[in-house]
1. Hey, among A:Ala204, A:Ala187, A:Ala216, which residue is surrounded by 15 or more Cβ atoms within 10 Å (Cβ to Cβ) and of a type in the set (A, V, I, L, M, F, W, C)?
2. Kindly list, by first and then second residue, each pair from a residue in the range B:132-156 that is more than 7 Å from every other protein chain (Cβ to nearest Cβ) and away from ligand 2 (no atom under 15 Å from the Cβ) to a residue that is modelled with pLDDT of 95 or more and not in a strand (DSSP E or B), limited to pairs with Cβ atoms under 8 Å and residues at least 6 apart or on different chains.
3. Where in the range B:185-259 are there strands (runs of 3 or more DSSP E), lying fully within it, with 1 or more residues that are within 14 Å of chain A (Cβ to nearest Cβ) and more than 25 Å from A:Asp286 (Cβ to Cβ)?
4. Just one of B:Ala176, B:Ala169 is within 16 Å of ligand 1 (Cβ to nearest atom) and part of a strand (DSSP E or B); which is it?
5. Among the residues in the range B:94-113, are any at pLDDT below 95, over 17 Å from the mean Cα position of the chain (by Cα) and surrounded by fewer than 18 Cβ atoms within 10 Å (Cβ to Cβ)?
6. When A:Gln175 is evaluated against the numbered criteria (1) closer than 24 Å to A:Ala45 by Cβ; (2) in contact with a helix residue (DSSP H, G or I) (Cβ under 7 Å, 6 or more places away or on another chain); (3) assigned to a loop (DSSP other than H, G, I, E, B), which criterion, by number, is the only one it fails?
Amino acid sequence: MSTLVFLEHHGGELQKGSLAVLSKAASLGGDVAGVIVGSGVDGLADQAAKHGAATVYVADDPKLEAPLPQPRVDAIAQLVADKSIETVLFAQSILAADIAAGLAARLDAGLNWQLTDIATDGGDLVGKQSALGDSVVVDVGWKTTPRIGLFRAGAFDPSEQAGAGTVEAFLPELQEHSLAAEMVEQAHAEESGPSIEDANVIVAGGRGLGEPEKFALVEELAKALGGAVAATRAVVDAGWYPYSAQVGQTGKSVSPTLYIACGISGAIQHKVGMQSSKTIVAINKDPNAPIFEFADLGVVGDLHTIVPKLTELVRARRVS
Amino acid sequence: MKIAVCVKEVPDATAHKRIDPGTKRLDRSGEGALNAFDANAVEEALRLKDATGDGEVVVVSMGPERALNSLRKALAMGADRAVLIADDGAAGSDLVATSLMLAKALEREQPDLILFGQQSSDSDGAVLWAAVAERLKQPVISQVAELTLEGGSLTGKRQTEFGYDVIRAPLPAVVAVADSINEPRYPSLKGIMGAKSKPQETVSLADLGVDAGSAGEEGSHTQVLALSDPPPRGDTRKIEDDGSGAEQIVAFLAEKRLI
Ligand SMILES: Cc1cc2nc3c(=O)[nH]c(=O)nc-3n(C[C@H](O)[C@H](O)[C@H](O)COP(=O)(O)OP(=O)(O)OC[C@H]3O[C@@H](n4cnc5c(N)ncnc54)[C@H](O)[C@@H]3O)c2cc1C
Ligand SMILES: Nc1ncnc2c1ncn2[C@@H]1O[C@H](COP(=O)(O)O)[C@@H](O)[C@H]1O
């Protein structure tokens, strides 16, 4: 069995999620390699060796500097062919998902996503997929090789294990359409304000607030509870609240004692960032909102009346 | 400018979603609806059409015959035409097979721009666009929260794990929008009435030149082996706010010793 793990990097570091998938792959046995694609990435292979990679393929080229998916499809497709790779695994990210799907189409290969685990079964691989808003666990398989798998963010933690980490450089041939998109700017978000990751209580706001000014409702409640404020991607993208407060797949993962979600639908990508909160309270006017499937207490109602009142009641308790 | 929007019919939000243990496929017997995330893509297409003054917006979908009902919502919003790939041989298609059929249908249309929604609410894949772009050999930009079109190229701003990217690509191109990109319009009564008479074409695999072995379950490279229940999460309580919602939250928090 030969497995290749895509090793995503940022700011001179291999990403934790990729290393976690790599160590998982190493624990399954067989030939396990990692692939690093970028410019000036020579020094990163060491980290991969520490997580079980026997071989680290490195494509280092100024043309590969921008973290865009399509040139990476070229690179990985080439490795799969040259090295007879049977399985290609990715840790979920904005970049990885687009590479995995592009690769599936290029190679006519099966892609299973939202994987939370993987195991060998005889000579075959079986993935655990959490589907339909986590209401069912599906054992998924691949009918052909190469197999492609995309693991859910935070599916496992990296574990250290020694691998030979033999570095092998390669230069992918890039297709014309792969070079058509160009990165104009990469703005790195500033971290401002207190970190929500350490907060004991989090009050989070989503698009149900209706307008950016209404974040004041969430802030007041957070203040009364001595907690921090978080937000969904929908409102962060819309500029209602800073990026540093975003919870979810692309944002922060938090596990406070109490998480109060106001006007948040509970999409899976938000859920993966807050589901390990000890107690979840949700206020949403739509009785069918997915958040009610996993909130300890769900209140179907209008946040504009409930939240101010709740703040008042909490304050009153504090005083008395 | 011609814009194609890929949209999908999904089980209605009120329906209890389940996988049929017999067929191991999503049970689509209940009410269907246009995937809400795709309304953002339709809206963006309509705005671009309005901004450029002329053009055509065509929605393209793969699904059962009855999905035309859901496509009509996109027509009611203002899309000009619908193309539905409906064929018994297409049922049970995974990413590889679906992307092939869609790519074939899109090749017939030759749009300048192809838009996708953020994700389908029944698969949460958020991946299909990249496979379709690969088949069409076109550039792709995903998760776009702001889209601008200038001359023959487009620029998308999108969020990643590390901040914001601004990516530019020449047309023709594939763009998947984020749900934050716009607020989809509600179809007007006139739009709803007019939708019925807009062109709605159903095409088969044969029409697209896709052979049976490349579609449906046969053309799929993944399979469902078994289904099981997820580990139970503690009790969930859901109450209707009758004016005492805030008090009930306080009582709950007090009971849990959280305040
Ligand atoms: C690759 C990828 C990564 C993503 N990463 C993230 C991420 O990191 N974090 C994240 O949050 N999302 C992420 N998303 C987006 C996610 O899928 C959802 O689109 C997003 O979380 C929705 O945000 P929301 O709940 O604020 O908005 P909506 O889904 O629009 O929900 C708003 C809710 O407010 C309710 N509401 C409206 N008015 C009221 C009222 N007056 N009172 C009470 N309730 C009301 C509505 O019923 C609705 O349920 C990602 C998506 C993708 C594809
Ligand atoms: N069967 C389909 N027909 C047409 N478009 C689809 C279909 N399935 C998904 N899409 C499009 O692809 C996007 C992402 O879907 P997914 O990758 O399944 O989450 C959706 O928002 C739609 O725009």
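The values are calculated or read from the model by the stated rules, or taken from the named source; none is laboratory data. Keep in mind it's a predicted model, so treat the numbers as computed, not measured. Please note: Cβ atoms are built from the backbone with ideal geometry, for glycine as well, and neighbour counts cover all protein chains shown.
1. Numbers: A:Ala187 fails: surrounded by 15 or more Cβ atoms within 10 Å (Cβ to Cβ); A:Ala216 fails: surrounded by 15 or more Cβ atoms within 10 Å (Cβ to Cβ).
Sole residue among the options that is surrounded by 15 or more Cβ atoms within 10 Å (Cβ to Cβ) and of a type in the set (A, V, I, L, M, F, W, C): A:Ala204.
2. Listed by first residue and then by second, the contacts come to B:Glu146/B:Ile181; B:Leu149/B:Leu48; B:Gly152/B:Leu171; B:Ser153/B:Leu171; B:Leu154/B:Leu171.
3. Working: elements: B:200-203, B:222-228, B:237-240.
Output list reads B:222-228.
4. Numbers: B:Ala169 fails: within 16 Å of ligand 1 (Cβ to nearest atom).
Step by step, each of B:Ala176, B:Ala169 is checked, and only B:Ala176 is within 16 Å of ligand 1 (Cβ to nearest atom) and part of a strand (DSSP E or B).
5. Our first condition is that a residue be at pLDDT below 95; within the range B:94-113, this holds for none.
Scanning the range B:94-113, I find no residue that is at pLDDT below 95, over 17 Å from the mean Cα position of the chain (by Cα) and surrounded by fewer than 18 Cβ atoms within 10 Å (Cβ to Cβ), so the answer is no.
6. Evaluating A:Gln175 over (1) closer than 24 Å to A:Ala45 by Cβ; (2) in contact with a helix residue (DSSP H, G or I) (Cβ under 7 Å, 6 or more places away or on another chain); (3) assigned to a loop (DSSP other than H, G, I, E, B) leaves (1) as the failure.
This table checks each residue for (1) away from ligand 2 (no atom under 14 Å from the Cβ); (2) within 24 Å of B:Pro111 (Cβ to Cβ).
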residue	(1), (2)
B:Ala176	no, yes
B:Asn182	yes, yes
B:Tyr186	yes, no
B:Pro199	yes, yes
B:Ser220	no, no
B:Gln223	yes, no
B:Ser228	yes, no
B:Asp241	yes, no
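Here is a yes/no grid of residues against (1) within 14 Å of another protein chain (Cβ to nearest Cβ); (2) under 23 Å from B:Arg158 (Cα atoms):
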residue	(1), (2)
B:Gly63	no, no
B:Ala90	no, no
B:Thr98	yes, no
B:Gln110	no, no
B:Ile114	yes, yes
B:Ala130	yes, yes
